[in-house]
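Heads up: the structure comes next, in structure tokens.
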Amino acid sequence: MNKPMKTSEDIRKSFISFFESKGHKKYPSSSLIPENDKSILFTNAGMVQFKRVFQGEISNKDKRAISIQKCMRAGGKHNDLENVGFTARHHTFFEMLGNFSFGDYFKKEAIQFAWEYLTQVISLDKNKLYVSVYKDDHDAYEIWNKDIGIEKERIFLMGEKDNFWSMGDTGPCGPCSEIFIDRGKEHGCENSSCSVGCDCDRFLEIWNLVFMEFDRQPNGEMLKLPKQSIDTGMGLERLLSILNNADSNYDTDLFLPIINFISSLSGISYKPGTEASPCFRVIADHSRATLFLLYENVIPSNEGSGYVLRRIIRRALRYGGKLGFEEPFFYKVIEKAAEVSSAFYPEIKSSIKNSMQLVKEEEIKFQDTLNRGLPYLYKKIENHSDAPIKGHDIFVLSDTYGIPTDLTDEILREHEITYDIEEYNQAMENQKKMSREATKGGKIPTGIISDTSLINQSEFLGYTHDKAKAKITAIIDDKGNQHTVSGKGTFYITLDNTVLYGESGGQVGDTGIIKYSNKTINVLNTQKESGIFLHLVELEGNEEIQVNDTCEVAYDGERRSSIARNHSATHLLHASLRNILGDHVKQAGSLVEEKRVRFDFTHHTALSEREILDIEKQVNREILANKQIKTDILSLDEAISSGATALFDEKYQDKVRVVTMGDFSKELCGGTHVTQTGDIGLVKILAETSVSAGVRRIEATSGLNIIELLQDSEKTLEALRDLLKATKGNESEKVSQLLDETKKQKKEIEKLKEQLASGSSQNNEIIKKVNDIDVIIKRSEFKDTGLLRKNIDTIKENYPKSISLVYYGDEERIVLLCGVTDNLTSQYQAGKLIKAASSYISGNGGGRADFAQGGGTDITKLDELIANFPEKFL
């Protein structure tokens, strides 16, 4: 018997070592964002990276594999977010230990491996272990009972809900067998029937062995997988707590250092079971999830994985508020989480500074949101009767104040208050309807083809040909498929093959021409739908086209060349951004057009002028080097292994195009490109702006577009020379002269205004004595409060024991300023005087004892105010 494991590192090492001894190949954890799979939001199990292997779409050279997979369960089918912090076992981010068989061993070996590891390697007491099997899985039952020797009393038959595993609504699935450990009565509930399956912490599930046999289809049909396979999963956090006999997963080396750090920041001790303990747990758990999602370049946003990340961060901040945090703190906890995690995941360190900055910005923004919205919510709670709060009020909180509904739900639950969910849903639906109406039109609609199975896919020849013979396979108008069309109008035409690129991957569609029967029609745009290229054509009125007509299709060569230059330039820009800013830079969107390129990328701060210049120089050096641009067709796995950059949210086929530009750039890309970097000509960055938190945008252009840009700039400069009476080369000198003259004139104007404002005459200044105090009342010709203030200061200098009132009035408002010299402020306060005077003319004001300002709108009382100041207002 081996010595029990006590640390997370011990468990990781023992698991890998054991399964490597059983012929398993160790695979690194895949990304938290599933590559090439949009059916799930996050990687939620170890088998996700092997999904296509299980489905038989691709083969795997290794028949046995193991991994320690980073997982997230905070969205979709597997969503533990609301439980996190309030149970001993639930997490958003966790690590899953798993072993896999791809058509090699099946149930017997999987069960034997699991039993050997648990009882012999990490020395769990076999008498405390129980198992469950799917009610119809007689094979698994027999293996546990007869081969392993577990008594029937410790084998439990369960239904589909508990013992039939699936990754999502569709995909690989099958019956499973779970292994539990009895932690003793002290961890149980008071229910006399407490046993495997109870919700208490006595019988804890350790390991789930999934026997992959089926592939669930969107219609619910269960197809047999090509090969029977094994997928197992065991949570590292849970196993660690069991081996340390800890009451919860949080009382282990994965969480305690983070919790202790939170305690030191807050000044509150962490004690399990207290009212504050869930707050510590939520923050600790969410710090790990935030850390790893940010490393994967997920950016807080209002949709998809970015929305889930924002919810996680904001939930942590809310519980931070319960611990008394009023200033940004969570970004500091992220740094501590990185320190704890970097022993096994050293790559985490590379992005920690960017992650901390992003989180701090998110904290500041959310605090502003709470400051605006929570008073509204708490007012509704304060005025709450027995009836539910109106759903419209909750909608206003979300729509107007930006308070997330899940946060509102949580606050209302704490106060045991409900709201009208139907009214809320109706308000949300009304908003969506208005949004849909507002965004109608503008782009070629998707879903043009009602049934894509009726039309054969088009063969694209445009990588190597500029024109091609083709046959019309379908004609589509607003009434649907047509056999023949004529007359004036626009239609969609599909061809059996084409050279026109269909809009995809950020690159716009080609324009061109289709020739047939000595006639030519223009192609206005090209899109691609389910492998079918849709050509939007315009008929002038004297043409007739019909299905099965033969034709010749050609693209607009000049436009295509400009687009290709811009697309190749985008690849160079992407590579340069990563070189200069860091590996955290990832593509977040792009638009490649004829005249420009727009490239969105992950980065938390604006680029400096120096960085932009460095990027431009680096890109243009690559262009001047005139390197070959090579295109290879590889399997997806080969492409990724070769170091090619792929987009996480892009759906790739088994075979992909890899575009390589020397040793500088290598990306998966289906777009059109030039053949040498020198063909790009030149790249110029036009703008760098913010898209959203953590996402920046570069706009650039290339090739002949830069000639047009230079020509336009020259025209603008020539027009400026005419205005400035300048010659070529001395424009800056002329502008400097004009600015100097303007500064001098401004100073002279300010001086004249001061002289006018300080000048005295019978018409604009009243001087009188009140109780042996000089009272000076002065009307100003200028509304400038700075000048009015200078008037007060001048009066104080000239009248060392005085009360002064300077005012300006027009048809709408009166502005009042009052000054009291320091030797009188014990008797007379300017703030009180101005408040009373302002109120008299239907206004308000206030200030210090020696100076105050105010005003009002009742100009009919101005003369009476002047005549009675200050006596009437003392």
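Structure notes:
- Some residue of the stretch 594-617 being of a type in the set (Asp, Glu), modelled with pLDDT under 95 and touching a Gly at 6+ places or on another chain (Cβ under 7 Å): yes
- Filter pass, Thr570 being among the hydroxyl-bearing types (Ser, Thr, Tyr), surrounded by fewer than 20 Cβ atoms within 10 Å (Cβ to Cβ) and either in a strand (DSSP E or B) or within 27 Å of the chain's Cα centre (by Cα) (or both): no
- Checking each residue of the stretch 246-261 against the condition of being part of a helix (DSSP H, G or I), under 28 Å from the mean Cα position of the chain (by Cα) and in contact (Cβ under 8 Å) with a residue 60 or more places away in the chain gives at least one match.
Residue-wise test of (1) assigned to a strand (DSSP E or B); (2) at pLDDT below 90; (3) farther than 30 Å from Leu805 by Cβ.
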residue: Glu718; (1), (2), (3): no, no, yes
residue: Thr742; (1), (2), (3): no, yes, yes
residue: Gln745; (1), (2), (3): no, yes, yes
residue: Lys751; (1), (2), (3): no, yes, no
residue: Glu754; (1), (2), (3): no, yes, no
residue: Lys769; (1), (2), (3): yes, no, no
residue: Asp774; (1), (2), (3): yes, no, no
residue: Lys778; (1), (2), (3): yes, no, no
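Yes/no per residue for (1) of a type outside the set (A, V, I, L, M, F, W, C); (2) more than 25 Å from Lys769 (Cβ to Cβ); (3) modelled with pLDDT of 95 or more; (4) open to solvent by less than 70 Å² (accessible area, probe 1.4 Å):
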| position | (1), (2), (3), (4) |
| --- | --- |
| Ile792 | no, no, no, yes |
| Glu797 | yes, no, no, no |
| Val820 | no, no, yes, yes |
| Gln827 | yes, no, no, no |
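- All of Gly831, Gly786 fail the test of being in contact (Cβ under 8 Å) with a residue 12 or more places away in the chain and in a helix (DSSP H, G or I), apart from Gly831.
- Taken over the stretch 482-492, the residue count meeting the criterion of being open to solvent by 90 Å² or more (accessible area, probe 1.4 Å) and either closer than 30 Å to His673 by Cβ or in a strand (DSSP E or B) (or both) is 0.
- Pair list, Cβ under 8 Å, 6 or more apart: the stretch 126-155 residue open to solvent by 100 Å² or more (accessible area, probe 1.4 Å), other residue among the hydroxyl-bearing types (Ser, Thr, Tyr) and assigned to a helix (DSSP H, G or I): Lys126/Thr119
- Filter pass, Ile834 being surrounded by fewer than 17 Cβ atoms within 10 Å (Cβ to Cβ) and either of a type in the set (A, V, I, L, M, F, W, C) or modelled with pLDDT of 95 or more (or both): no
- Filtered residues of the stretch 60-74 (kept if open to solvent by 20 Å² or more (accessible area, probe 1.4 Å), over 15 Å from Met234 (Cα atoms) and either in contact with a His (Cβ under 8 Å, 6 or more places away or on another chain) or touching a residue at least 40 places away in the same chain (Cβ under 8 Å) (or both)): Asn60, Asp62, Lys63, Arg64
Let's see how each residue does on (1) without any contact (Cβ under 8 Å) to a residue 60 or more places away in the chain; (2) part of a loop (DSSP other than H, G, I, E, B); (3) within 28 Å of the chain's Cα centre (by Cα); (4) buried (at least 18 other Cβ atoms within 10 Å of the Cβ):
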| site | (1), (2), (3), (4) |
| --- | --- |
| Glu361 | no, no, yes, no |
| Lys379 | yes, no, no, no |
| His392 | yes, no, yes, no |
| Ser398 | yes, no, yes, yes |
| Gly402 | yes, yes, yes, no |
| Leu407 | no, no, yes, yes |
| Ile417 | yes, yes, no, no |
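- Residue selected from the stretch 459-481 under the condition without any contact (Cβ under 8 Å) to a residue 60 or more places away in the chain and not in a loop (DSSP other than H, G, I, E, B), by the criterion nearest to His535 (Cα to Cα): Ile476
- Scanning the stretch 284-329 for residues that are assigned to a loop (DSSP other than H, G, I, E, B) and of a type in the set (D, E, K, R) turns up Glu296, Glu303, Glu326, Glu327.
- Close pairs (7 angstrom Cβ cut-off, 6 or more residues apart or separate chains): closer than 15 Å to Ile685 by Cα in the stretch 585-605, modelled with pLDDT under 90 and open to solvent by 50 Å² or more (accessible area, probe 1.4 Å) anywhere: Asp600/Ala588; Asp600/Val691; Phe601/Lys586; Phe601/Ala588
- Close contacts from the stretch 849-869, counting a first residue that is within 18 Å of Leu788 (Cα to Cα) and a second that is open to solvent by less than 40 Å² (accessible area, probe 1.4 Å) and of a type in the set (Phe, Trp, Tyr), with Cβ to Cβ under 8 Å and a gap of 6+ residues or different chains, come to Leu862/Tyr807; Ile866/Tyr807.
- If only residues of the stretch 88-125 that are β-branched (Val, Ile, Thr) and touching a residue at least 12 places away in the same chain (Cβ under 8 Å) are counted, the one that is surrounded by the most Cβ atoms within 10 Å (Cβ to Cβ) is Thr92.
- The condition of being closer than 21 Å to Ser690 by Cβ, in contact with a helix residue (DSSP H, G or I) (Cβ under 8 Å, 6 or more places away or on another chain) and in contact (Cβ under 8 Å) with a residue 12 or more places away in the chain holds for only one of Ser562, Ser576, that being Ser576.
- Among the criteria (1) of a type in the set (Phe, Trp, Tyr); (2) more than 30 Å from Ser690 (Cβ to Cβ); (3) under 22 Å from the mean Cα position of the chain (by Cα), the one Tyr555 does not fulfil is (3).
- Taking (1) of a type outside the set (S, T, N, Q); (2) out of contact with any helix residue (DSSP H, G or I) (no Cβ under 9 Å at 6 or more places or on another chain); (3) open to solvent by 10 Å² or more (accessible area, probe 1.4 Å) in turn, Gly531 satisfies each apart from (2).
- Filter result (closer than 27 Å to Leu124 by Cβ and modelled with pLDDT of 95 or more) within the stretch 259-280: Ile259
- Looking across the stretch 537-551, the residues that are over 16 Å from Ala470 (Cα atoms) and part of a strand (DSSP E or B) come down to Glu538, Leu539, Glu544.
- Among strands (runs of 3 or more DSSP E) entirely within the stretch 586-690, having at least 3 residues that are open to solvent by 50 Å² or more (accessible area, probe 1.4 Å) singles out 629-635.
- Close contacts from the stretch 42-53, counting a first residue that is over 22 Å from Tyr295 (Cβ atoms) and a second that is modelled with pLDDT under 90 and surrounded by fewer than 24 Cβ atoms within 10 Å (Cβ to Cβ), with Cβ to Cβ under 6 Å and a gap of 6+ residues or different chains, come to Arg52/Ile58; Val53/Asn60.
- Residues that are touching a helix residue (DSSP H, G or I) at 6+ places or on another chain (Cβ under 8 Å) and either of a type in the set (S, T, N, Q) or open to solvent by less than 20 Å² (accessible area, probe 1.4 Å) (or both) within the stretch 852-865 comprise Ala852, Gln853, Gly854, Gly855, Gly856, Leu865, listed in sequence order.
- Selected residue (only one of Thr550, Thr526, Thr602 is out of contact with any helix residue (DSSP H, G or I) (no Cβ under 8 Å at 6 or more places or on another chain) and closer than 30 Å to Lys353 by Cα): Thr602
The values are calculated or read from the model by the stated rules, or taken from the named source; none is laboratory data. Here the structure is a predicted model, which is why all the values come from computation and not from measurement. For neighbour counting, all protein chains shown are included, and Cβ atoms are generated from backbone atoms with ideal geometry for every residue, glycine included. All accessible areas refer to the heavy atoms of the entire protein, side chains included, with ligands and DNA or RNA removed. Shrake-Rupley method; radii C 1.70, N 1.55, O 1.52, S 1.80 Å.
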